[in-house]
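Working notes for the structure below.
Nothing in this text is a laboratory measurement; each read-out follows from the coordinates by a stated rule. These numbers were taken from a predicted model, which means no experiment stands behind them. Here the Cβ positions follow ideal geometry from the backbone for every residue, glycine too, while neighbour counts run over all protein chains shown.
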Amino acid sequence: MRPAGLVIALLLLLVGLVWMGQGLGYVKGSFMTGVMLWFWIGVGCVIGAGVLAGVLARRRSRSN
C-alpha cells in the first residue's frame, strides 16, 4: 500500500469518526454538535476510507 494513500485513508477515517461523534453529540463545542447531518457525513467518510484502503490493498496485491 502506498504510504501517501494510507495516510489519506487514515486521516479520512479519523475525521469521519470525529464528525460522527459531533453529530451524535459526544464531541461538544462546535456548531456541528447534535446535528445528525454531520453523523451521516462522518459515516460517508469512514466508508470512503475503507474503500480507499481496499483499493490500495488490491492494487498492491496485483503488482506483486
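Descriptive notes on the structure:
- Qualifying residue in the stretch 7-16 (condition: of a type outside the set (A, V, I, L, M, F, W, C) and either exposed (fewer than 15 other Cβ atoms within 10 Å of the Cβ) or in contact with a Ser or Thr (Cβ under 7 Å, 6 or more places away or on another chain) (or both)): no
- Some residue of the stretch 15-32 being at positive phi and over 8 Å from the mean Cα position of the chain (by Cα): yes
- With respect to the stated conditions, M36 fails to be without any contact (Cβ under 8 Å) to a residue 40 or more places away in the chain and surrounded by 13 or more Cβ atoms within 10 Å (Cβ to Cβ).
- Residues that are assigned to a helix (DSSP H, G or I), among the hydrophobic types (A, V, I, L, M, F, W, C) and within 14 Å of A53 (Cα to Cα) within the stretch 1-34 comprise A4, L6, V7, I8, A9, L10, L11, L12, L13, L14, listed in sequence order.
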